[in-house]
Amino acid sequence: ICPPPPIPDVDVREPDSLPILRNWDRVLMWDLGTGLADDDVEALAERGRRVRACDQRAGRPLIGSADSGLRTVSRHLDMLVARKTVLGTSLELVDYLKWLRERPRLTRPGTPLLATISTEIDPRAARQAAAIAGIGGRGLAVDGESLSLAAFSALAAGTRGILFTSTRRLDGDDREARARAAAAREMNLRLQVLEPWGAAGRFAAQAQTSSDEVQAFVMEAARARMVVAWRCVQGSQIVARRYAGSDIPPNEAPLTILVPGVPEAHQAWEVAAGGLKPLRQQRVTGGVSVTLDDFLTHSIILFSGEPAVTAHVQDRIRGLTAVELSSARAVAATALAASGDLLGRLPPQAFSGPPPVNAVPMLTEAGRLAAEGESLVMSDPTTAIMRLRRAAAIAGQFERRIWENGVKAEGSMVASPLTASDTALAEEWHFVSARAAVVQGPELLGGGSMERIEDLSGGGWRHFARKQSDIVTRLEVSQAKPAAGQGCLRMAARPANKEDPPIVVETPPLWVTTPPLQPSAGKLIEISAQVFVPKPIAGSVDGLFVFDSLGGPALGERVGMTKTWRRLVLHRIVPAESSEEPITVTFALTGLGEAFVDDVSVRVLERGDPGVPAMPVSTGGQPGGFPTPNDLLTSQPLPEASGPAKSPLPAPPPAQTWPGMNLEWPKLVPFGQSANEPPPGPGGGTVDPFKRARAGSTPPAATGP
């Protein structure tokens, strides 16, 4: 996937004069741009016309993404890319699924969507982690199970493809690259079975489950259905919960799934390691009920009444057994090594409850299962895969428990850049300990008390409102129940026509930014504010979106309805390479409703008096001369890093005043097209992905693994 080369003006009436796009056979799609808007439509239409006229490969899609004007932009594209960072952010997976399902309301009817999922934490967040604790100099990998759950969410939302993005190579020899490669390989194995349904299927319905933690969706293709069920709890976009309970599975009742619309003759099969596994099913009111006795993070269920389809899926699963075994071994080895290393670097308070984290029994059981799986590699690969995956699940659950305790200590998933990834858990706990011995410096921000609107306008605060004919915005200082002092800032957006309000708000109608601040390089900053959202913000999943220019939108806090005033705190650091970039904080009202902001403060955190004890926080082995949290909380300027002069991560673009929904997204990277992908068809749902399987003699139905 790449942009097309520059093409001069062409005249289709003279075919001999047309420049031909030779040597571009390996291009799968033409990317016509990101962040497109209404102002770009004329140039976009002309560029698309030239590419189509000169491209000898008919049907090669034109893709692009837009921040606004989705309906007009999508008229000139074959597929629209829906870009939104989800992994390592405060955006829950259920909200990400909802956001994707809402995109078709804003586009040209029938426009296929492509989702984007990154295999690494946002580069700006990684730079913050590197500057605070010396971790993330080579990027921060996302949680492997969270990567798979995000992919399932994209499929369930009806997207026709997923672009996996990265700013760093997956074939590197560092730990982060190996972890990302193992996670991507495991996820691709799961998606290969779902490929015919995701590429050409119809998204039929949502299934009901017996657990509030589990989501399930039904996809239909060629009279066969796939049900994808996955555990979706708060924080799964950062560290997935591997199973219910806290210690060692199994510790929950079997999972029951009620699937609507299943024909009488269809049999239920669980997609398991080594082949299909028949399931107990019962026809009840509302559909067919199936039971999964051992449900961990996710499960895939096939409903089919055609032997050809069942055998086709069975053959595909069995053909992947060797690759699944290799992937399971890599994932288990990576998970056990990471959890073992984490165990030795955590302070005692990280294991607090309730209930307390029983780390030693959990990791002992994980090691036993992994050893048992390794012993069965040659004799029983199917059982070996199951043992290895369970071992990885226990190790992942241990990290989830430690992460949950860290979030409780911070009060938010994005208050610290170190809570955005499971690879920085030990550093996060040491960071919490280091902040116990600090004092706040003088106030850097003027007008944060929100007493008078004149103080805001005269002090450099900026107010932005997009001109939208169907939305009316208002910004004022309200005297009604402020959090402190005599006033607070009220942000409001309402539909111009109450009888016909917009269902989905395309871009934030109203936002406010603080005046630019310039703290010294290497200083630790505490950003705090009191926020109050009396009712849910309609038309957007982002609510009141608060972010700073250091962490960027990926580390932004999304505030939903609050019963009373809530104190919001963000800890950031000024990297040496960004010392010339001013710091701003943005409060964006992303939908319809009202939000109140008060007592906004930006201060530098300094080490306390010499008599105040400070816990040592150095974890050793800091790469590239990065400072430890203990070094950051000093009153003296930080020494320059002894490593290379350049940052280990590419410098992000300058901060933008527009907080939009899609800022600073990674570039698209090429990926291969599967030979099993069905041909495109009108509407995307009339293609039979099993035509080849039916063409031959009808094989017998599978009877189990």
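The values are calculated or read from the model by the stated rules, or taken from the named source; none is laboratory data. All of these numbers come straight from a predicted model, not from anything done at the bench. In this analysis, Cβ positions are derived from the backbone assuming ideal geometry, glycine residues included, and neighbour counts consider all displayed protein chains.
Things to note:
- Ser540 vs. criteria more than 21 Å from Gln234 (Cα to Cα) and of a type in the set (Gly, Ala, Ser): no
- Helices (runs of 4 or more DSSP H) contained entirely in the range 365-476, each with at least 1 residues that are among the hydrophobic types (A, V, I, L, M, F, W, C) and out of contact with any helix residue (DSSP H, G or I) (no Cβ under 9 Å at 6 or more places or on another chain): 453-458
- Residues of the range 67-81 that are in a strand (DSSP E or B) and either modelled with pLDDT under 95 or more than 19 Å from the chain's Cα centre (by Cα) (or both): Met79 alone.
- When Ile525, Ile573 are screened for being crowded, with 23+ Cβ neighbours inside 10 Å and either among the small types (Gly, Ala, Ser) or more than 22 Å from Glu476 (Cα to Cα) (or both), only Ile573 passes.
- Subset of the range 174-231 [in a loop (DSSP other than H, G, I, E, B) and closer than 20 Å to Val331 by Cβ]: Asp174
- Test result for Lys535, among the basic types (Lys, Arg), touching a helix residue (DSSP H, G or I) at 6+ places or on another chain (Cβ under 9 Å) and either surrounded by fewer than 24 Cβ atoms within 10 Å (Cβ to Cβ) or more than 12 Å from Gly591 (Cα to Cα) (or both): no
- Looking at Glu365, Glu374, Glu399, just one residue is within 15 Å of Ser236 (Cα to Cα) and modelled with pLDDT of 95 or more, and that residue is Glu399.
- Residues satisfying the stated conditions in the range 138-157, i.e. under 30 Å from Ser579 (Cα atoms) and surrounded by 24 or more Cβ atoms within 10 Å (Cβ to Cβ): Gly139, Leu140, Ala141, Val142
- Within the range 506-545, tally of residues that are hydroxyl-bearing (Ser, Thr, Tyr) and either without any contact (Cβ under 8 Å) to a residue 12 or more places away in the chain or closer than 27 Å to Ile132 by Cβ (or both): 4
- Residue check, Asp500 part of a loop (DSSP other than H, G, I, E, B) and over 26 Å from the mean Cα position of the chain (by Cα): yes
- Among residues of the range 447-459 that are modelled with pLDDT of 90 or more, those with a beta-carbon under 7 Å from a residue that is among the hydroxyl-bearing types (Ser, Thr, Tyr) at least six positions away or on a different chain give the pairs Gly448/Ser601.
- Looking across the range 182-195, the residues that are touching a residue at least 40 places away in the same chain (Cβ under 8 Å) and not charged (D, E, K, R) come down to Ala182, Ala183, Ala184, Met187, Leu189, Leu191, Gln192, Val193, Leu194.
- Qualifying residue in the range 592-612 (condition: outside any strand (DSSP E or B) and modelled with pLDDT of 95 or more): no
- Test for Ala130: is it on the phi < 0 side of the Ramachandran plot, buried (at least 23 other Cβ atoms within 10 Å of the Cβ) and part of a helix (DSSP H, G or I): yes
- Which numbered condition Ile248 misses (of (1) over 18 Å from the mean Cα position of the chain (by Cα); (2) at pLDDT 90 or above): (2)
- Odd one out for Glu252 among (1) acidic (Asp, Glu); (2) touching a Phe, Trp or Tyr at 6+ places or on another chain (Cβ under 8 Å); (3) in contact (Cβ under 8 Å) with a residue 60 or more places away in the chain: (3)
- Test: Leu170 is assigned to a loop (DSSP other than H, G, I, E, B), of a type in the set (A, V, I, L, M) and more than 20 Å from Val94 (Cα to Cα): yes
- Those residues of the range 161-182 which are of a type in the set (D, E, K, R) and touching a Leu at 6+ places or on another chain (Cβ under 8 Å), in sequence order: Glu176, Arg180
- Failed item, numbered, when Lys498 is tested on (1) closer than 27 Å to Glu581 by Cα; (2) surrounded by fewer than 18 Cβ atoms within 10 Å (Cβ to Cβ); (3) out of contact with any Asp or Glu (no Cβ under 9 Å at 6 or more places or on another chain): (1)
- Some residue of the range 240-247 being closer than 29 Å to Gly110 by Cα, among the hydrophobic types (A, V, I, L, M, F, W, C), part of a loop (DSSP other than H, G, I, E, B) and touching an Asp or Glu at 6+ places or on another chain (Cβ under 8 Å): no
- From the options Val438, Val414, Val472, residue that is under 26 Å from Leu592 (Cα atoms) and either touching a residue at least 40 places away in the same chain (Cβ under 8 Å) or buried (at least 23 other Cβ atoms within 10 Å of the Cβ) (or both): Val414
Yes/no per residue for (1) within 30 Å of the chain's Cα centre (by Cα); (2) assigned to a loop (DSSP other than H, G, I, E, B); (3) under 17 Å from Glu270 (Cβ atoms):
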{"position": "Leu302", "(1), (2), (3)": "yes, no, yes"}
{"position": "Ala308", "(1), (2), (3)": "no, no, no"}
{"position": "Arg318", "(1), (2), (3)": "no, no, yes"}
{"position": "Val323", "(1), (2), (3)": "yes, no, no"}
{"position": "Ser327", "(1), (2), (3)": "yes, no, no"}
{"position": "Ala332", "(1), (2), (3)": "yes, no, no"}
{"position": "Gln349", "(1), (2), (3)": "yes, no, no"}
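- Members of the range 103-112 found to be in contact (Cβ under 8 Å) with a residue 24 or more places away in the chain and more than 17 Å from the chain's Cα centre (by Cα), listed by number: Pro104, Arg105, Leu106, Thr107, Arg108, Gly110, Thr111, Pro112
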